[in-house]
1. What's the total number of residues in the stretch 44-87 that are among the small types (G, A, S), part of a loop (DSSP other than H, G, I, E, B) and free of Cβ contacts under 8 Å to residues at least 60 places away in the same chain?
2. Quick test for you: out of T127, T97, T111, pick the one residue that is in contact (Cβ under 8 Å) with a residue 40 or more places away in the chain, among the polar types (S, T, N, Q), outside any loop (DSSP other than H, G, I, E, B) and in contact with a strand residue (DSSP E or B) (Cβ under 8 Å, 6 or more places away or on another chain).
3. Could you check how many residues of the stretch 1-32 are modelled with pLDDT under 90 and among the β-branched types (V, I, T)?
Amino acid sequence: MFNKEEAKEVRIEFWQKLNNKTRRLPGQKGRKKFWIFDNTGIKGLDLRFDVDREKARVALEINHTKEGRRLQLFEKLEAAKTLFEAEFGEPLIWDFTYEKPTGEMVCRVYTECPGDILNKDLWPDMTYFLIDKMMKMEQAFLEVKDYLQSNLNE
């Protein structure tokens, strides 16, 4: 088992390796592809990786500070669920009351797989899952982005 400092170092190593792998994606030409807090062009809507001791997740997260705006975005996204999931290629988990470890409530559409960030033997499969699903999540988001932006009350 790892002590607190060792676990922190392993987590940092995981994220560094994942960042290095995103440099080698087709069409990147050596540039990193950042998805965490990626600028989606819609305030309060982000693409996220989430990895802990139990699972690896890829999510489209609606984390706007105003609950009304958050729910409005989620409802619009849910209205496009058929198109979104068709573009993604499989069913997703839709959660309008997802509680993050910090206690913050957000809306999330995500997929997950078993994993443990501290188990280096699982990293190759987790990394493949994260990159593959994020590419699909990004493509699905781009299909509905214009619709999500239309008629939003700021």
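The values are calculated or read from the model by the stated rules, or taken from the named source; none is laboratory data. Quantities reported herein were computed from a predicted structural model and do not represent experimental measurements. Neighbour counts run over all protein chains shown; Cβ positions are idealised from the backbone, glycine included.
1. 1
2. Checking each option against the conditions leaves just T111.
3. 1
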